[in-house]
Amino acid sequence: MTRRDPPLTPVVVAESVADLRSNVVRAHRGGQTIGFVPTMGALHAGHVSLIERARAECDVVVVSIFVNPTQFGPNEDFQRYPRPRELDLKICGDAGADIVFYPTVDDMYPPGYRTFVEVQGLSEILEGAIRPGHFRGVATVVTKLFLLVQADKAYFGQKDYQQQLLIRIMTRELNIPTEIVTCQTLRDPDGLAMSSRNAYLSSAERVQGLCLWRALDGVRKLIEAGERDLAKLQQSLVDVISAIDGVVIDYAVIVDAGTLASLTAAVPEMVALVAIRVGKTRLIDNLVLRLTDRAAG
Ligand code: PAF
């Protein structure tokens, strides 16, 4: 079951755990490597780039599309989260996926479900402080998906920096033999990081949201110009965002890139993490800041 064999187009849709298992077993028996892209659907060019990377590096590409209820808070957008099934399946097929796992909520969480995974210390800070329970839901569903897909490599976007770090740590600590590949954030030409939630933004809100990238890029430029005073870098991040009327800052911080611990002085590898609310929509973004080579990425 590789792209060199008779092609699996249109993409195979595994609607249940049993369906997925038989496809995974077949791939493993054939000695093929599996690349996995977990998603919640509403796919955009950022997801396509993850699927294409998996296609380039693995024999079989599995994409999961599951809007995971356990990672949404009671007042979040679980019900209204976009679910354009046919379009998503077409995007997966066009990008080179072989199998799309499209489970139901009951498949993943049968009645009476009670087993959860938590990465202590990282789940409760920053995004986790604003969205209590969110990372417990993410860690749980990703663990379940990893156990089902048994992929050689799994692909995540850097846009959700805390998520990819948490998954990296969780995978290592649970001895899950899947390599985590973090892929660069894809941006629209105006700098806005691609996200399924951008669809919620009015055109005025979208313009407001551009302050995220302006703030991050501003810090990058300051570092390139030689600024090393953490308080000044941090202040510039906040100033650029708070200059925009109607934008509420959830957090705008520069922390250690490997642990997300807060800092009192600059260290060689930091990450600027920003989260804002524009109208009813939350936007997050980040930029890794490296001091050693004076480059940021
Ligand atoms: O990033 C996402 O889309 C989700 O958090 C993930 C990793 C698919 C888990 O539901």
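Scoring 157-170, 277-290 by mean Cβ neighbours within 10 Å over their residues and listing the highest first yields 157-170, 277-290.
Using a simple spin-label model with pseudo-atoms 7 Å out from Cα toward Cβ, residue 86 and residue 207 lie 3.6 nm apart.
With a cut-off of 8 Å between alpha carbons and a minimum separation of six or more residues, what is the relative contact order of segment 166-255 in percent? Please list the in-between numbers first.
Numbers: 54 pairs, mean separation 17.9, N = 90.
Relative contact order here is 20 percent.
Between residue 79 and residue 107, the contour length at 0.36 nm per residue exceeds the alpha carbon distance by 8.3 nm.
Taking 14, 243, 139 as the candidate residues, the one with maximal mean-square fluctuation in a Gaussian network model of the chain, Cα springs under 10 Å, is 243.
Using just the helices of the chain, give the 222 nm mean residue ellipticity in deg cm²/dmol: DSSP H runs with n ≥ 4 each add -39,500 (n - 2.57), and the total is spread over all residues, rounded to 500.
Values: 10 runs with 108 residues, N = 297.
Mean residue ellipticity, 222 nm, calculated: -11000 deg cm²/dmol.
Looking at the chain, the accessible area is 45 square angstrom per residue; that uses a 1.4 Å probe and ignores ligands, DNA and RNA. Note on the chain: antiparallel DSSP beta bridges, both residues inside, total approximately 55 percent of the bridges counted.
For segment 149-297, taking Cα atoms only, Rg and Dmax work out to 16.0, 47 Å respectively. Pairs of lysine in the chain with Cα under 29 Å and at least 8 positions apart or on different chains: total? Value for the chain: 9. Between residue 269 and residue 199, the contour length at 0.36 nm per residue exceeds the alpha carbon distance by 21.9 nm.
Based on a Kirkwood Rh over C-alpha pairs, give the Stokes-Einstein translational diffusion coefficient of the chain at 4 °C and viscosity 1.567 mPa s in µm²/s.
Values: Rh = 20.1 Å.
Answer from the Stokes-Einstein relation: 64 µm²/s.
One decimal place: the segment residue 44-residue 224 gains 61.6 nm when fully extended, by the rule 0.36 nm per residue minus the C-alpha distance. Here the spin labels are modelled as points 7 Å beyond Cα on the Cα-Cβ line, and at residue 187 and residue 22 they lie 4.7 nm apart. The solvent-accessible area of residue 85, taken with every protein chain present and a 1.4 Å probe, is close to 80 Å².
The values are calculated or read from the model by the stated rules, or taken from the named source; none is laboratory data. This structure is a prediction, so every number in the text was calculated from the model and none was measured. All Cβ positions, glycine included, derive from the backbone under ideal geometry; neighbour counts span all protein chains shown. Surface areas here come from the heavy atoms of the whole protein model, side chains and all, with no ligands, DNA or RNA. Shrake-Rupley method; radii C 1.70, N 1.55, O 1.52, S 1.80 Å.
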